[in-house]
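Scroll down for the structure; my scribbles are underneath it.
The values are calculated or read from the model by the stated rules, or taken from the named source; none is laboratory data. None of these values were measured; they are calculated from a predicted model. Cβ coordinates were reconstructed from backbone atoms using ideal geometry, including for glycine residues, and neighbour counts include every protein chain displayed. Areas reflect the complete protein model, heavy atoms only, side chains present, ligands, DNA and RNA absent. Shrake-Rupley method; radii C 1.70, N 1.55, O 1.52, S 1.80 Å.
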Amino acid sequence: MAGAMNDAKRAAKRTEQKADEASQDVKPWLRGFARFGYTAKGAVYVLLGILSLMAALGVSGGKTTGTKGALATIASKPYGNVILWITAVGLIGYVMWRIIQVVKDPEHKGKDGSGIGMRIAYLISGIIYGALAYKAISLASSSLGSSGGSSGNSKQSFIAKVLSQPAGQWIIGAVGVVIIGYGLYEMYKGMTEKFKKEFKFGEMNQGEKKLVRRSGKFGLLARGVVMLIIGYFFIQMAMTASSQQATGLDAALSELASQPYGKWLLGIVSIGLALFGIFQILKGKNRHLKIS
C-alpha cells in the first residue's frame with residue numbers, strides 16, 4: 001500500500017514537472033523560428049565546408065571562403081535569390097534565440113565570470129549572424145549579387161575606427177581573447193561531448209544519436225581551431241595597431257592552407273566545418289528550447 005502511494009506521488013511529481021516545462025517552453029512560433037535558424041546556419045556551414053574541401057583537393061570552383069562568401073556563391077546559382085531570402089529568415093530566427101539566451105539565460109549559465117562570458121559570447125554570435133542575415137538580404141535584393149565585394153573593406157574600416165580610439169587596441173585585443181576563449185570552449189565541448197545535454201536524446205533514434213555525437217565532436221573541434229586563428233588575428237591587430245590584418249573565416253582557412261601540409265590541414269578542417277553544419281541542422285531538429 002505504501003509502495004503504491006509512493007509510486008502515485010512520483011507519477012504526480014513527474015506530471016507536475018512536465019506541466020512546468022510546458023509552461024516554460026518557448027512560444028511555438030518562436031521555437032519553430034529558432035529551429036529553422038539552426039538549420040539555416042547549418043546549411044551555410046555545410047556549403048562552406050564543401051567549397052573549402054574542393055579548394056584543398058584542387059577541384060574547380062573550390063575556394064577558402066567565409067560564411068559571407070558562401071552566401072555569395074548561393075547568389076550566383078539559379079534560384080539563388082529565393083534561397084538567400086529563406087536563409088535570411090532562418091538566420092533572423094537564430095539571432096532571436098541568441099537574444100533569448102543572453103536575456104533569459106535558459107541554460108542557467110549563471111552570473112559568475114564564466115556565465116557572463118558565455119552570454120557575452122552569445123551576444124557577439126547574435127551580432128555576427130545578424131550581420132550575416134543582413135548580407136543575405138543585401139545579396140538577395142541585388143539582381144547581380146554583386147554587393148559581396150565591399151564587406152571586407154567595410155569591416156576593416158570599422159576596425160580602423162575602433163583602433164583609432166584611446167582604448168581601441170585594448171578593445172580589439174579583448175575581442176581576440178573572447179574569440180579564443182570561445183574557440184577553446186567549443187573544442188572542450190566537442191572533446192567531452194558536453195553538447196549532448198542540449199539535445200532531446202530520449203526522443204531521438206540510435207542513428208540520430210550517433211550522428212549527433214560524431215558531427216558534434218569533430219565539427220566543434222574544427223570550428224574551435226578556426227576560431228583560435230581568428231582570435232590570434234585580432235590580437236595581432238591590437239599589438240600592431242594595424243587594421244590591415246585579415247580577420248575572417250576565409251583568412252583563417254587561407255592561413256591553414258599556407259602551412260606545411262596545408263592542403264591536408266585545410267581538407268581535414270573543411271570536413272569538420274561541413275560536419276559542424278550537419279550538427280547544427282540536427283540541433284535545429286532536436287535541441288531543447290525552453291525558458292526557465
J(HN,Hα) series, segment 71-77, from Karplus relation 6.51 cos²θ - 1.76 cosθ + 1.60, nearest Hz, glycine and proline x: 5, 4, 5, 4, 4, 7, 9
Pairs beyond 20 Å (Cα-Cα), from 109/197; 27/194; 77/217; 135/189: 27/194; 77/217; 135/189
Net charge of neighbours whose Cβ lies under 9 Å from the Cβ of residue 250, counting Lys and Arg as +1 and Asp and Glu as -1: +2
Taking the C-alpha atoms of segment 157-261, convex hull volume expressed per residue in Å³: 125
Carbon and sulfur %, accessible surface of segment 35-84 computed with the full protein complex present, 1.4 Å: 68
Loop sites in segment 174-215: trypsin sites (Lys or Arg not before Pro), DSSP, at most 10 other Cβ within 10 Å: none
